[in-house]
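Colleague: Here's a structure for you.
Derivation of every value follows stated rules applied to the coordinates shown; laboratory data play no part. Since the model is a prediction, treat every value here as computed from it, not as a measurement. Cβ sites come from the backbone with ideal geometry, for glycine too, and all protein chains shown count toward neighbours.
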Amino acid sequence: MRGALEDLVVLDRSGTIAGQFCGKLLADYGADVWLEIPEAEPDIASGGSGQTRTPLDLHLNLGKRRGLPAATPDVVLCAPDENPQATRTEFPVAVVVRITGFGDDGPKAGWRAPEIVLQASSGMMISNGIRGREPLYGTGNRASYAAGQAAYVQILASLRVRAKIKQGDIIRIDAAETAAAMCFPYVLQAIYNGTDRRRGDQDIPAGEVLCRGSWVCLWVYSNRFAALCKFLRLETCLTDARFADAQQRSRNWPAFFALVQEEVHDRDPDDFVAELQAMNIIAARAYRISELRGSRHLQNRGFWRRLKIEGDEFVVPAPPFRMSLTPAIQVGGNADATA
Amino acid sequence: MLPLEGTRIVELTTAWAGPMAGRILTWYGAESFHVESPNRTNTWRSNRDKPNPLTYPDLDPGERPWDRCFTFNSQNVNKRSLVVDLKNPLGFSVVRRLVAMSDVLICNFRPGLLERLGLGYEKLSREQPDIIVVEMPAYGLAGPESGYAALGPTMEMAAGMSAMISYPGGGPTVTGPSYMDPIGGFNAAAAILTALHHRDRTGLGQHIELAQVEAAMQFIGPELIAGVDVVPDGNHLPDVAPHNAYPAAGDDSWVAIAVASDDQWAKLARMIGGDVLARDVRFSSLGARKANEADLDRLIAGWTFDQDRHALAARLQAAGIAASAVETARDLVNSPYLEKRRFFTELDHPVAGRHRHPGLPLHSEIAQGSARTAAPSYGEGNEYVLREILALPEAEITAILASGAMATVPAPGV
């Protein structure tokens, strides 16, 4: 068996990160995906100009074939200027997918939608950064990837109905609406009681400290506070009025984490995280990209795959989920590779 | 037509990622039973002894605060709640029998829980070869860190994303907050739909391992493949300038602007300072704008600071310049754009009241999902499961309820 989706033929002419990521997921799990690079410029992040073996192309298009399929496609990921109705007329039982920034109708139809705009309009960005300074957007193209993921979900849902009624579908995914749906649900809080949460409002028992060469994020729930203080020889905090109870601590976390910082600046970040986790304190190291390649955990799990394409070697991440009966397709990859 | 009508799901889930996976599946018509503990309340139902007014309708915890919390109620629409003590043999037998009548089991607790409960895939699949079991631990089921506990922000750190986001020279930033959770939720729903597609053709279920940190790393795939550290510089990008959020009229009010070409800059410059600014050599090319980026940001901020962010964004977009107000939750509630997308659905909750609820961005002509019922009250589905699904004899129901295996009110202090 080629994969769970081996019966599907997909035509990916989206030309966007969102569409090509959706096509990549379909290919990862066995679909026969054909890639075409459209000429039209998209309103959301582009998947590139068709140049092969770039990091973007490798990530989005490994496992796809270039050109047009001989078979009628089951799924068509539309080009930016493609009319999905016309495509459905051409392929009446295909699932036709159109992914845009703000949709084809409505008050923001046609708006330019680079990542910072999508994140700004989603309600997520206002939660990021320090109150008083500009809110930060999440680097990368996460709204586009999320839109691709949403398209993948809807495609598989639509195919189930198609199998019963023998009709095609038109799916419409807005990256902006997807980004809004991925937000912490403060929107329901605003509906419930009118409050408008943003940076600095979150009552979160967490902080970051800089260990030897790397930042570590730790969450100190009330039932672990004493254990952490003892572990770090900060017993004086247990009698300090600023940290007497959860309410006091929530007002004084910066002061507490400043004390933690003094104790941990020369600790190995991985060891520190392991020690905290052993005490049931949730913690993680803030990995840099280059450090992730060396993660013993990821190596142990066979997360990195080493590929050789025309003599050049590349290291790529494994697909997002592991299926016991129908594992993801490995395009010349070696799951045991270490980076 | 609802694509998952007739599909039954049991959720051993908590907080956001697991429940969001179930929420997506119920959007498509699946029947989902969210199993909850009578002794350890889901954190998203809030803490009964220390209710935070900000989480409730009208700031009022009411008599059943655990049924009025916006976090739980946002992610559990369309579901039933089954509150059962899995350590009580009678309680476990209820869940075991429910699983035997179900298609999918979702678990987002730490690895090993299902095996300890006797609900591991290997065991279940011997009797139910068509069962689909999804486990979604943060770091996977195996590996040196698989036992680590995690939350959305720590997963963002571990995935390499936080180190890419920061003010110049600052520490890593977590976003959202908890942006990793909905990624995990969508990934789990995607995995289940993939497995169902396979099962429809073969009759076979399977086991799915979704390591949430690894799955989220797909979102920075090109950066991982390049293998080069991204040096964060606030909102700035090397190939776009200006690219930032600028102050607007009002408290903590901002507008994001991204200029992708010299032509777009010329348009923006004319709006700010007429032809003189459009011709200013300090900003006339990308290289010049990057070299003078601090001055550029100050110049734009001086122009935006007293303007309405929504009106300004619309004006810039009309001129072909990418922009948006940095919207808040309240903005989204009143958003004409989301209204047009029918993002919100009004639902009646027996304890929390009638409110609009945020939806999902999934639009189809033949397989349109929907939010049909509000999140369940705590233990609302207990008797429904005993009587309607398992169709147990009355004497057994009486015995189960008398044993304390089920509850409709959390135990004190949890």
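Colleague: With the radius of gyration and the Kirkwood radius both derived from the Cα set of chain A, what is their ratio Rg to Rh? All intermediate terms of the calculation are to be shown ahead of the outcome.
Modeller: Values: Rg = 24.0 Å, Rh = 23.0 Å.
Dividing the radius of gyration by the Kirkwood radius yields 1.04.
Colleague: Name the most mobile residue of B:Ile165, B:Ile24, B:Ile300, meaning the one with the largest mean-square fluctuation, in a Gaussian network model of chain B with Cα contacts below 10 Å.
Modeller: The residue that fluctuates most here is B:Ile300.
Colleague: Same structure again: Tell me, what does the Kirkwood hydrodynamic radius of region B:258-414 come to in angstroms if you use every pair of distinct C-alpha atoms?
Modeller: Computed over region B:258-414, the radius equals 21.5 Å.
Colleague: 5 Å is the cut-off here: which amide hydrogens, built 1.01 Å from N in the peptide plane, fall below it relative to B:Ile132, excluding neighbours closer than 5 in sequence?
Modeller: Those qualifying (amide H under 5 Å, at least 5 residues apart or on another chain) are B:Val104, B:Leu105, B:Gln206.
Colleague: Now a separate question. Hey, could you pull the Cα Rg and Dmax for region B:243-333, both in Å?
Modeller: 13.0, 43
Colleague: Compute the Rg/Rh shape ratio of region A:9-181: radius of gyration over Kirkwood radius, all on alpha-carbon atoms. Mind showing how you got there, number by number?
Modeller: On the way: Rg = 16.2 Å, Rh = 16.3 Å.
With Rh from the inverse mean 1/r over Cα pairs, Rg/Rh is 0.99.
Colleague: With springs only between Cα atoms under 10 Å, which of B:Arg356, B:Arg45, B:Arg298 fluctuates most in a Gaussian network model of chain B?
Modeller: Among B:Arg356, B:Arg45, B:Arg298, the largest GNM mean-square fluctuation belongs to B:Arg298.
Colleague: Of all beta bridges DSSP finds with both residues in the protein assembly as shown, what is the antiparallel percent, to the nearest 5?
Modeller: Antiparallel: roughly 50 percent of the beta bridges in the protein assembly as shown.
Colleague: Here is a further query. Region A:104-144 to region B:94-141: how many Å between their Cα centroids?
Modeller: 38
Colleague: If the viscosity is 0.890 mPa s and the temperature 25 °C, what Stokes-Einstein diffusion coefficient in µm²/s follows for chain B when Rh is the Kirkwood radius over Cα pairs?
Modeller: 102
Colleague: Then there is this: I'd like to know how region A:273-334 sits against the 2.2 N^0.38 Å rule of thumb: what's its Cα Rg over that expected value?
Modeller: On the way: Rg = 15.2 Å, N = 62, 2.2 N^0.38 = 10.6 Å.
Compactness ratio reported: 1.44.
Colleague: Using only the Cα atoms of region A:206-286, what semi-axes does the equivalent ellipsoid have when each is the square root of 5 times a gyration tensor eigenvalue? Give whole Å, largest first.
Modeller: For region A:206-286, the ellipsoid semi-axes come out as 20, 12, 11 Å.
Colleague: Separate question: Scan region A:175-280 for chymotrypsin sites (Phe, Trp or Tyr not before Pro) in coil per DSSP, keeping those whose Cβ has at most 14 other Cβ atoms within 10 Å, and list them by number.
Modeller: Sparse-neighbourhood loop chymotrypsin sites (Phe, Trp or Tyr not before Pro): A:Tyr221.
Colleague: With θ set to phi - 60° and the Karplus curve 6.51 cos²θ - 1.76 cosθ + 1.60, what are the ³J(HN,Hα) couplings of region B:226-239 in order, to the nearest whole Hz, using x for Gly and Pro?
Modeller: 5, x, 10, 4, 8, 8, x, 9, x, 8, 6, 10, x, 10
Colleague: If you don't mind, another one. I want the antiparallel fraction of DSSP beta bridges within chain A, as a percent rounded to 5.
Modeller: 45
Colleague: While we're looking at this one, here's another question. Could you compute Rg(Cα) / (2.2 N^0.38 Å) for the protein assembly as shown, with N its residue count?
Modeller: It is 0.93.
Colleague: For chain A, modelled as a GNM with alpha-carbon contacts under 10 angstrom, which of A:Ala147, A:Ala71, A:Ala179 fluctuates the most?
Modeller: Looking only at A:Ala147, A:Ala71, A:Ala179, the largest GNM fluctuation is found for A:Ala71.
Colleague: Kindly put B:Met161, A:Met323 in sequence by how many other C-beta atoms sit within 10 Å of each C-beta, fewest to most.
Modeller: In order of increasing Cβ crowding within 10 Å: A:Met323, B:Met161.
Colleague: Report the local net charge at B:Pro350: Lys and Arg +1, Asp and Glu -1, summed over other residues whose C-beta lies under 9 Å from its C-beta.
Modeller: -3
Colleague: If you count the DSSP beta bridges with both ends in chain B, what percent of them are antiparallel, to the nearest 5?
Modeller: 45
Colleague: I would also like to ask the following. Along the positive direction of the dipole of the protein assembly as shown (beta-carbon charges: Lys, Arg +1; Asp, Glu -1; about the Cα centre), which of B:Ile321, A:Val10, B:Gly62 reaches farthest?
Modeller: Looking along the dipole axis, the top candidate is B:Gly62.
Colleague: Over all residues in B:196-208, what is the mean tally of Cβ atoms on other chains that come within 10 Å of each residue's Cβ?
Modeller: Per residue, the number of nearby Cβ atoms from other chains is 5 on average.
Colleague: Among the aspartates and glutamates, select those whose C-alpha is under 15 Å from the C-alpha of A:Lys164, and discard any that sit fewer than 8 residues away in the same chain.
Modeller: Correct list for A:Lys164: A:Asp74, B:Glu5, B:Asp200, B:Glu365.
Colleague: For region B:155-305, with equal point scatterers placed on the C-alpha atoms only and solvent neglected, what are the log10 I(q)/I(0) values from the Debye formula at q = 0.14, 0.18 1/Å, to two decimals?
Modeller: -0.83, -1.08
Colleague: Could you tell me how far the Cα centroid of region B:202-237 sits from the Cα centroid of region B:332-399, in Å?
Modeller: So the separation of the two Cα centres works out to 31 Å.
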